Every structure is written in C-alpha cells, then in structure tokens.
Amino acid sequence: MFNRIKLRLNEMKTINQLIPGADAQANALGEETAGAEHYVLAALELEEGSAKRVFAALNINAENYRDAINKQYDQALDAVGIDAETVSIEPVTSKKLLPVSHPSGRQLMKSLHALKKNDKDRPLLGAHVLAVAAEIKHGVVARAFKELNIEPSDLKNAIQHELKAHQ
Amino acid sequence: MTKPKLLPTPNDPEKALAAVVALRRTADQLERKAVRQAVSQGWSWSEIAEALGVTKQAAHKKHAASLKKTKK
C-alpha cells in the first residue's frame, strides 16, 4: 500500500517535469506547442536517466535526436524546393500560463497513461515515454528515428532491456 | 533564387504529409517574425489582421501576448 502511494507520488513528480520539459523543448525548437518528439527530448532530460541509457545503447544521444528532427524538416522543405538554409527558425517566447500540447503530444501522454495502467509496479520512467514513442509509425518522431537509422525493433529491444532493470 | 520543384505527389502520402508539416512550421515562424516586424513599424492590429486574412481579435489573441513577453 505504502509502496503504491510512493510510486504514484513519483509518477506525479515525473509528469510535472515531463510536461513543462516538453514545452521548453518545443519553444527552443521554434514551436508553440509540444509534440511527441519534444516529449522524447524531455524524457532524455529526466534525472533517473533511463531514456538516456536506452539511447546510449543505440549509440545516439539527445543532440543527435534534435539534429535528426531538424534534418527531417530540412529534407521535407527541400522536397518542395525550399532551401532550409534560407529558413531561420528562432526559439519561441511562450505566452502560455500553462503548457498546451500539440495533438501528437496529447496522444503520447494518453498512450503513456494506458501503458502505465498495465505497468503499475514500476515508477514512471523516461523509458516508458520512449516505449510509447517507439509505437508511433508516422510523423516527426518516426522520421527522426529513421533519419538516425534506428530500427523500431532495435529501439523496442533496448527499451525492454532498460525496463527489466527496474523490476 | 530558389529552384522550382514540383510538390510531392499525394500518391506518396508519407512524403507529402511530411512536407505539409514542415511548411506549416515554416509558415508559423514567418508569421510570428512578420507580425513582430509589422508591430515595430507601427502597423495597427486591424491592418495586420487584414493582411493575414483573419479577424483583428484572432490576430491579437495569437500574437499580442508573446510580443509583450519579447519586449520585456
């Protein structure tokens, strides 16, 4: 009973870091609202370090992922004849009192909630965020992993390996 | 001069939708910068709204608060 309360408090603390963290990542990358890719970056910033270890197992880091996000935008613009170098993306000064997520960010949080419902004995970890992100087949999250040549199966294996260490 | 290219065909939705997302992000950035510039050049919110093809209230709601924060 006491352990469950402790886990729940820990979960609330993690969510309280994750949501503003994703918002800050979005603003730094020039966007008003946090999408799923910004939640991935925020998970990599969590102190417990599980997401960071998953990335390290795949020989990548947060900076590589951030670069891959930008690169997939550049490639998409290039496909319509816009030279990415002519588009300067500035950080956004957020005007919101409370963080508001992009639909992809909201969907990630919804999936995270569903995942944690079936995984009650472990604290909420950055690796859980990656587990949800690894299931996303389209959009910026998936394109950034593809840009880094990360196979979804390798990502899922590294996540499972990390999560097992927390049992 | 930017090289002219054909838009990705909708028959390749992965590529076409990626282009839509990137263009939307670029358009948002350009809008923010242009509105900031317009305000600094003395444009009224009515003029900005007219140029953007939205209502004055919509333009103000979207940009006024972030402009105030930038000024601080």
(message) Neighbour counts of other C-beta atoms within 10 Å: give me A:Thr33, B:Thr9 arranged from fewest to most.
(response) B:Thr9, A:Thr33
(message) Using Stokes-Einstein with the Kirkwood hydrodynamic radius over Cα pairs, what translational diffusion coefficient do you get for chain A at 25 °C and a viscosity of 0.890 mPa s, in µm²/s rounded to a whole number?
(response) 149 µm²/s
(request) Quick one: dipole size for region A:2-164, taken about the Cα centre, charges +1 on Lys/Arg Cβ and -1 on Asp/Glu Cβ, in debye to the nearest 20. (result) 1120 debye
(message) Tell me the mean residue ellipticity at 222 nm calculated for chain B from its helices only (DSSP H runs of n ≥ 4, each -39500 (n - 2.57), averaged over every residue, nearest 500).
(response) -24500 deg cm²/dmol
(message) Averaged across A:131-140, how many Cβ atoms of other chains sit within 10 Å of each residue's Cβ atom?
(response) 1
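When ranked by the protection proxy of mean other Cβ atoms within 10 Å per residue, highest first, what sequence do the peptides A:39-46, A:117-124 form? Don't jump to the answer; show the numbers that get you there.
Working: A:39-46: 25.0, A:117-124: 13.4.
Packing proxy ranking, top to bottom: A:39-46, A:117-124.
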(message) I need A:Ile15, A:Ile60 ordered by Cβ neighbour count within 10 Å, fewest first.
(response) A:Ile15, A:Ile60
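When Cβ neighbours within 10 Å are restricted to other protein chains, what is their mean count per residue of peptide A:79-89?
Working: counts 10, 13, 6, 7, 2, 2, 0, 2, 5, 3, 4.
Across the residues of A:79-89, the mean count of other-chain Cβ atoms within 10 Å is 5.
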(message) If packing is taken as the average number of other Cβ atoms within 10 Å across a peptide's residues, how do A:102-111, B:36-45, A:48-57, A:147-156 rank, most packed first?
(response) A:48-57, A:102-111, A:147-156, B:36-45
(request) Work out from phi, with θ = phi - 60° and the Karplus expression 6.51 cos²θ - 1.76 cosθ + 1.60, the ³J(HN,Hα) of each residue of region A:15-28, listed in order in whole Hz, and give x for Gly and Pro. (result) 5, 5, 8, 5, 5, x, x, 5, 4, 5, 5, 4, 4, 5
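As a test of the formula, what do you get for chain A when each DSSP H run with n ≥ 4 contributes -39,500 (n - 2.57) and the sum is divided by the residue count, at 222 nm and rounded to the nearest 500 deg cm²/dmol?
Only helices count here, giving -20000 deg cm²/dmol.
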(request) Compute the Cα gyration tensor for region B:23-71, then decide on rounded, prolate or oblate, letting a ≥ b ≥ c be the square roots of its eigenvalues: rounded whenever a/c is under 1.5, prolate when a/b is larger than b/c in the other cases, and oblate in all that remain. (result) rounded
(request) Would you work out which of A:Leu58, A:Val140, A:Ala114 lies farthest towards the positive end of the dipole of chain A? Charges go on Cβ: Lys and Arg +1, Asp and Glu -1. (result) A:Ala114
(message) Please compute the average number of Cβ atoms from other chains found within 10 Å of each residue's Cβ in peptide B:15-24.
(response) 6
(message) With +1 assigned to the C-beta of every Lys and Arg and -1 to the C-beta of every Asp and Glu, and no other charges, what is the dipole magnitude of region B:23-71 about the Cα centre in debye, to the nearest 20?
(response) 320 debye
(request) Select from B:Ala65, B:Ser40, B:Ala51 the residue farthest towards the positive end of the dipole of region B:23-71; place +1 on Cβ of Lys and Arg, -1 on Cβ of Asp and Glu, and compute about the Cα centre. (result) B:Ala65
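Since every read-out is calculated from the coordinates, none of them should be taken as a lab result. As the structure is a prediction and not an experimental result, all values here were calculated from the model. Here Cβ is always computed from backbone atoms with ideal geometry, including for glycine, and neighbour counts include all displayed protein chains.
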